[in-house]
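The structure appears below as structure tokens.
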Ligand code: GLN
């Protein structure tokens, strides 16, 4: 029996139809996203190479440091293929730093970003009082219960283009946005035990297959 046949017979029959969600693993809180995704039944892949990027059905860019990750995306020659796949419809979710990387513009600084969602973000916008804080956030798209939103040196959304849905705001600024296949959160759902934002993204991924 060949390896290929053994692999095929050992996988549950539905395995291939479960979405494969990648988490960009150049820097940042990758493991927490992976654990949350597995908990809601997704297959996951830590993405560090072009081949891994090509394999996934959806991608999360986690929290971290946006200037570092932009530099690493260029160094690993992932920026161009990532932009091409997302423009072709690959679902993308940026959490915190990931939303900064995906945005059209970063306010007040000369910082490159990928231009995948028509928003202007301001880095570290909530200041010291929200350097790290959990806020009960109303997100009507996820139901009546507030979401425990954890902000860590978080960006806010200063401008959202006409095609962008603002799904939640805090202190008068958007903190959860979606434009077609791309979504962004200022906060970190992967650091909570509430899987509703991950389930929301997984639904977008499942519908895109
Ligand atoms: N302050 C970071 C940045 O601007 C983002 C913080 C985070 O992802 N928790 O890149």
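Derivation of every value follows stated rules applied to the coordinates shown; laboratory data play no part. Everything numeric in this text was worked out from a predicted model, so none of it was measured. No Cβ is skipped: glycine too gets one built from the backbone with ideal geometry, and neighbour counts run over all protein chains shown.
Values for this structure:
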| read-out | value |
| --- | --- |
| Those residues of segment 168-208 which are within 14 Å of residue 117 (Cβ to Cβ) and surrounded by fewer than 18 Cβ atoms within 10 Å (Cβ to Cβ), in sequence order | 180 |
| Within segment 48-75, considering residues that are touching a residue at least 24 places away in the same chain (Cβ under 8 Å), away from the ligand (no atom under 16 Å from the Cβ) and assigned to a helix (DSSP H, G or I), the one surrounded by the most Cβ atoms within 10 Å (Cβ to Cβ) | 53 |
| Among the residues listed as 45, 92, 78, 114, the single one being on the phi < 0 side of the Ramachandran plot, within 16 Å of the ligand (Cβ to nearest atom) and surrounded by fewer than 23 Cβ atoms within 10 Å (Cβ to Cβ) | 114 |
| Contacts under 7 angstrom Cβ, first residue in segment 84-100 being farther than 20 Å from residue 36 by Cβ and free of Cβ contacts under 8 Å to residues at least 60 places away in the same chain, partner part of a loop (DSSP other than H, G, I, E, B) and within 9 Å of the ligand (Cβ to nearest atom), 6 or more apart | 100/123; 100/155 |
| Of all residues in segment 142-167 being outside any strand (DSSP E or B) and exposed (fewer than 14 other Cβ atoms within 10 Å of the Cβ), the one that is nearest to the ligand (Cβ to nearest atom) | 161 |
